[in-house]
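Asks: One structure coming up, written as structure tokens, with questions to follow.
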Amino acid sequence: MSDRGFLFLFSVFMVLAGLGTAAWLLATGQAGSVDGLFLLLTSLMAALAFALYLAFLVRRAMEEARPQAAAKTQVAAPKQEPATVVR
């Protein structure tokens, strides 16, 4: 497996783990205490950070795939000669 594939799967796991932790804290009522509130915010912040990284990975992969597809379908445009000024 490539490094990008591993990082993608790890990031998906971390987002799901952070959201799962937040849901567990809310479901059990532990988010009502100060410690639970900070744990809730920390898990949501970690999920957000990995979600932003996932968005970056997907956008970068799409940008790399786009020039290859455009190069295959691109038709050579005729060259235009510069305009000359007649006096």
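Asks: Based on DSSP H runs of at least 4 residues, each adding -39500 (n - 2.57), what is the mean residue ellipticity at 222 nm of the chain after dividing by all its residues, to the nearest 500 deg cm²/dmol?
Replies: Details: 2 runs with 66 residues, N = 87.
Helix contribution divided over all residues of the chain: -27500 deg cm²/dmol.
Asks: Rank these for me by crowding, Thr84, Thr28, going from fewest to most other beta carbons within 10 Å. Let's see the in-between values first.
Replies: Working: Thr84 5, Thr28 10.
In order of increasing Cβ crowding within 10 Å: Thr84, Thr28.
Asks: Stokes-Einstein diffusion coefficient for segment 17-65 at 20 °C in a medium of 1.002 mPa s, Rh from the Kirkwood formula over Cα pairs: what value in µm²/s?
Replies: Details: Rh = 11.8 Å.
Calculated translational D: 181 µm²/s.
Asks: Hey, what's the Cα Rg ratio for the chain versus the globular rule of thumb, 2.2 N^0.38 Å?
Replies: Details: Rg = 24.6 Å, N = 87, 2.2 N^0.38 = 12.0 Å.
Output field value: 2.05.
Asks: Right, something else. What's the FRET efficiency of Phe6 with Val34 using the Cβ-Cβ distance as r and R₀ = 30 Å, to the nearest 0.05? Write down the numbers at each step before the final one.
Replies: Details: r = 37 Å, r/R0 = 1.22.
Here the calculated transfer efficiency is 0.25.
Asks: Please name which of Leu9, Ala31, Ser43 has its Cα lying farthest along the dipole of the chain towards the positive end, using unit charges on Cβ (Lys, Arg +1; Asp, Glu -1) and the Cα centre as origin.
Replies: Result: Leu9, furthest along the dipole toward the positive end.
Asks: Calculate how steeply helix 34-73 sits against the longest principal axis of the alpha-carbon atoms of the chain, using the helix alpha-carbon long axis, and give the answer as 0 to 90 degrees to the nearest 10.
Replies: Rounded to the nearest ten degrees, it is 20.
Asks: What ranking, highest mean first, results for peptides 48-57, 30-39 when packing means the other Cβ atoms within 10 Å averaged over each residue?
Replies: Numbers: 48-57: 14.4, 30-39: 12.7.
Answer by packing, highest mean first, reads 48-57, 30-39.
Asks: Output the 0 to 90 degree angle, nearest 10, between the alpha-carbon long axis of helix 3-28 and the longest principal axis computed from the alpha carbons of the chain.
Replies: For helix 3-28, the angle is close to 40 degrees.
Every number in this text was worked out from the coordinates using simple rules, so none of it is lab data. All figures in this text were calculated on a predicted structure; none of them were measured in a lab. For neighbour counting, all protein chains shown are included, and Cβ atoms are generated from backbone atoms with ideal geometry for every residue, glycine included.
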